[in-house]
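Asker: First, the structure itself, so that you have it in front of you.
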Amino acid sequence: MYKIPASVFESINDYGNDKEKSVLHVLTPMRISVNNEFFPRIPKKNHKAVRTALGLTKPATIEFTDDEMMVHDKQGNVARTEKMSDFNFVQFGAIRTMPIAPPAYTYSMTMVIGVQERFYYVLNPNFMVFQRLSPLLKQQGVTVEDPFDIASLPSNEERENYFNKFYVERIKGTNYPLQLKWMPFLI
């Protein structure tokens, strides 16, 4: 099982940096596309209005097809491409992001993609990516690591109840923090 370096959690990327570059060094909030299904699902009209109002740039996307991964930059251009057959593993995890109303928290999905000597660190609020991406990875013979047992998560909407039950126990022996110090506007 891959042990994520603690430094990955210390400097979560935000809209101020080039995500297609920082995704190799720190947990980076990105939209995820699995065979043209986007996570999170945000209506484009509302999404653009919110981004414009907050002065944010277009989010970067990491896209998965049946046999490859492409990292898109803010302009939508493919900045990096990796063949799934070159993946060593993909680890899905959970990170406690912020209290909704103590003692309740919210959680986001982490994904570490090990490709030869490189690691991609992705953060996304939608755990449905696990159900959509795992079968594609297994078809390609990629090892799927699931230390937080996301496979048993009933639905994305039930993530807080699900992870509140055992999150503290699951992070023991890992470098996952009890919770992120701050949470950037994700997507």
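The values are calculated or read from the model by the stated rules, or taken from the named source; none is laboratory data. This structure is a prediction, so every number in the text was calculated from the model and none was measured. Virtual Cβ from ideal backbone geometry, glycine too; neighbours counted across all protein chains shown.
Asker: Starting from residues that are modelled with pLDDT under 95 and crowded, with 20+ Cβ neighbours inside 10 Å, keep the ones in region 66-83 and report whichever is nearest to the chain's Cα centre (by Cα).
Answerer: Only one residue fits best here, namely Val71.
Asker: Here are the criteria: (1) surrounded by fewer than 20 Cβ atoms within 10 Å (Cβ to Cβ); (2) at pLDDT below 95; (3) within 21 Å of Thr28 (Cβ to Cβ); (4) in contact with a Lys or Arg (Cβ under 9 Å, 6 or more places away or on another chain). Tell me which single one Tyr167 does not satisfy.
Answerer: So the condition that Tyr167 fails would be (3).
Asker: Something else about it: Going through region 11-47 one residue at a time, which ones are surrounded by fewer than 16 Cβ atoms within 10 Å (Cβ to Cβ), modelled with pLDDT under 80 and touching a Lys or Arg at 6+ places or on another chain (Cβ under 8 Å)?
Answerer: Asp18, the sole residue that qualifies.
Asker: On to the next question. I need the strands (runs of 3 or more DSSP E) fully contained in region 70-134, keeping only those with at least 1 residues that are closer than 30 Å to Glu158 by Cβ.
Answerer: Working: elements: 78-83, 87-101, 104-115, 118-124.
Ranges flagged: 87-101, 104-115, 118-124.
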